[in-house]
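This report concerns only the one structure given below.
The values are calculated or read from the model by the stated rules, or taken from the named source; none is laboratory data. Computed from a prediction, not measured in an experiment: that's the story for all the values here. No Cβ is skipped: glycine too gets one built from the backbone with ideal geometry, and neighbour counts run over all protein chains shown. Surface areas here come from the heavy atoms of the whole protein model, side chains and all, with no ligands, DNA or RNA. Shrake-Rupley method; radii C 1.70, N 1.55, O 1.52, S 1.80 Å.
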Amino acid sequence: MIALKDREIWFVTGSQHLYGDETLKNVAEHAQIIAHSIHDNQAIPVHVIDKGIVTTPEEISRICNDCNYSSRCIGIVLWMHTFSPAKMWINGLNILQKPVLHLHTQFNSEIPWSEIDMDFMNENQSAHGGREFGFMMSRMRKSRKVVVGHWKNQEVVDAIASWSRVAAGWSALQKAKVARIGDNMREVAVTEGDKVEAQMRFGFSVNGYGIQDVEQHVQAVSESAINTLVDEYKESYVLHPDLAGSESLREAARIEIGLRTFLEEGHFQAFTDTFENLGTLRQLPGIAAQRLMADGYGFGAEGDWKTAALLHAVKVMEQGLSGGTSFMEDYTYDFGRDKSRVLGSHMLEICPSIAHGDVRCEVHPLGIGGKEDPVRLVFNVGSGPAINVSLVDMGQRFRLIVNEVNVEKPEKDLPKLPVARVLWDPLPNLSIAAHAWILAGGAHHTVFSKSINTTFMEDFAEMAGIELLVIDENTSLRDFKNTIRWNEMYYHIFKK
Ligand code: MN
């Protein structure tokens, strides 16, 4: 997984030669101070590189070109310190391929009421310089993130920080390879989609592999490697007494090592499997998928390559944040008297990064698939805000659906439930949330995250140029239905 600390965002400041060298010297100085201040802020996970001021069409085109070709640069922050006539930006913006954040700020925080003169006004005119630039971005129909406020304001820095995380996830997707092992669960619709369109839109490639490609690696695993991993299981988790020294546990370790080797050798960042096409694998990968997710691999069950790719992108974004992110499925409802909630889980494959309390290692029958009882990690998830995100292929476009939820502690223990589980109260309530989700065509599989919020996914949808539907505390079904209808028209007319 790419490390955020190895990535850069470039801070570029627009101006012009109208004001004389003295002003431009000040502008460059101000830009440097702001870039360094943002770089040094603890919230910023990447390097912020001051790339100086640009004052001509040639300089602008050159920096946009350099940004495209830099392997470390994941996005560009543009600030119009003074007035940068925006026709100068057309050619540069035409070729720019990296995400843009338009920072609408000014160096000076407050108006110096008794001192202010025309020199001050000329030097601190971002208020209209930023609007000239905004017009051009809008005129060119360019997606971007706009952040408004003084650069020392922590909310402004936080907005740049979360955008830079999303840009890193976006950058990772451009090179990501998804292994679709064993194709799709038969007859399932939402996990399918147009892989060619997905690669054109998001950058990641999806290719199919037979289970024999994994079997070869599983068969080649040495007994000593299995011993080492079984010891790691024993140290890391609360091992069920039945599992100590059991053949099931050794087999689970063999599958994890074989699968991991397959993914490493193929340079994959995400994978899917399906319980119907397991060949000679003796268990459905449970603990293997769980631990690979915890290490940053994207995963989707039953051939769900869209969720697998999205999960990897979020794993890149969330580095260093607390809360965790997992593959998830809306499993069963609690239609309660006071309020209704969702119990989320999957057959096995929930990432322990979202665990709260003990993580137990257990083996239980699966009930479907006809294989041996698989080993899995079982745990609860702590309360607090989270999001469920689904990426679906609507035929002519991809749609991203986000539902904000509040995770709750289950009122009672679930002693017979053999899988990791999370209970949530969806906003605004289950009735509206599930209704809207179904109208939107949201999948049963999601990326569930406690580490990131809706803003991350809003930035992601902007970068990808895809539709975003948010279900939150303000959702009204009547408006939501109309949004879907209007979007249908918009995406027919507007092709990015
Ligand atoms: Mn499923």
Considering the stretch 313-330 alone, what residues qualify as being within 13 Å of the ligand (Cβ to nearest atom) and either over 14 Å from the mean Cα position of the chain (by Cα) or outside the structural domain of residue 191 (by TED's automatic domain parsing) (or both)?
328, 329, 330
Going through (1) away from the ligand (no atom under 16 Å from the Cβ); (2) open to solvent by 50 Å² or more (accessible area, probe 1.4 Å) one by one, residue 444 fails only at (1)
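For residue 270, state whether it is farther than 22 Å from residue 223 by Cα and in the same structural domain as residue 354 (by TED's automatic domain parsing). Before the answer, list the steps.
Numbers: farther than 22 Å from residue 223 by Cα: yes; in the same structural domain as residue 354 (by TED's automatic domain parsing): yes.
So residue 270 fits the description; yes.
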Out of (1) in a loop (DSSP other than H, G, I, E, B); (2) in contact (Cβ under 8 Å) with a residue 40 or more places away in the chain; (3) of a type in the set (A, V, I, L, M, F, W, C); (4) out of contact with any strand residue (DSSP E or B) (no Cβ under 8 Å at 6 or more places or on another chain), the odd one out for residue 414 is which?
(2)
Filter the stretch 337-356 for residues that are assigned to a loop (DSSP other than H, G, I, E, B) and open to solvent by 30 Å² or more (accessible area, probe 1.4 Å); which is nearest to the ligand (Cβ to nearest atom)?
339
Can you name the residue in the stretch 163-197 that is surrounded by 21 or more Cβ atoms within 10 Å (Cβ to Cβ) and under 17 Å from residue 272 (Cα atoms) and is also nearest to the chain's Cα centre (by Cα) among such residues?
173
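Only residues that are part of a loop (DSSP other than H, G, I, E, B) and touching a residue at least 60 places away in the same chain (Cβ under 8 Å): list them for the stretch 211-240, please. Write out each step before concluding.
In the first step, residues of the stretch 211-240 are kept if they are part of a loop (DSSP other than H, G, I, E, B); the result is 220-222, 237, 240.
Correct list: 237, 240.
Got a sec? Which helices (runs of 4 or more DSSP H) wholly within the stretch 1-98 have at least 3 residues that are over 23 Å from residue 140 (Cα atoms) and open to solvent by less than 40 Å² (accessible area, probe 1.4 Å)? Walk me through it before giving the result.
Numbers: elements: 21-40, 57-69, 90-95.
In the stretch 1-98, the matching helices (runs of 4 or more DSSP H) lie at 21-40.
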Kindly provide the set of residues from the stretch 270-329 that are over 25 Å from residue 249 (Cβ atoms), of a type in the set (A, V, I, L, M) and assigned to a loop (DSSP other than H, G, I, E, B), ordered by number.
321
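Looking only at residues in the stretch 175-189 that are of a type outside the set (Gly, Ala, Ser) and touching a helix residue (DSSP H, G or I) at 6+ places or on another chain (Cβ under 8 Å), which one is farthest from the ligand (Cβ to nearest atom)? Can you show your working first?
Step one: list which residues in the stretch 175-189 are of a type outside the set (Gly, Ala, Ser), which gives 175, 177-178, 180-181, 183-188.
Then drop every residue that is not touching a helix residue (DSSP H, G or I) at 6+ places or on another chain (Cβ under 8 Å), which leaves 178, 180-181.
Working: 178: 17, 180: 15, 181: 15 Å.
If we take residues in the stretch 175-189 being of a type outside the set (Gly, Ala, Ser) and touching a helix residue (DSSP H, G or I) at 6+ places or on another chain (Cβ under 8 Å), then 178 is farthest from the ligand (Cβ to nearest atom).
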Residues in the stretch 459-477: is at least one among the hydrophobic types (A, V, I, L, M, F, W, C) and over 17 Å from the mean Cα position of the chain (by Cα)?
yes
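Does residue 310 qualify as being of a type outside the set (Lys, Arg), within 16 Å of the ligand (Cβ to nearest atom) and either open to solvent by 20 Å² or more (accessible area, probe 1.4 Å) or not assigned by TED's automatic domain parsing to the domain that holds residue 196 (or both)? Show your work before the answer.
On the way: of a type outside the set (Lys, Arg): yes; within 16 Å of the ligand (Cβ to nearest atom): yes; either open to solvent by 20 Å² or more (accessible area, probe 1.4 Å) or not assigned by TED's automatic domain parsing to the domain that holds residue 196 (or both): no.
Criteria not met by residue 310.
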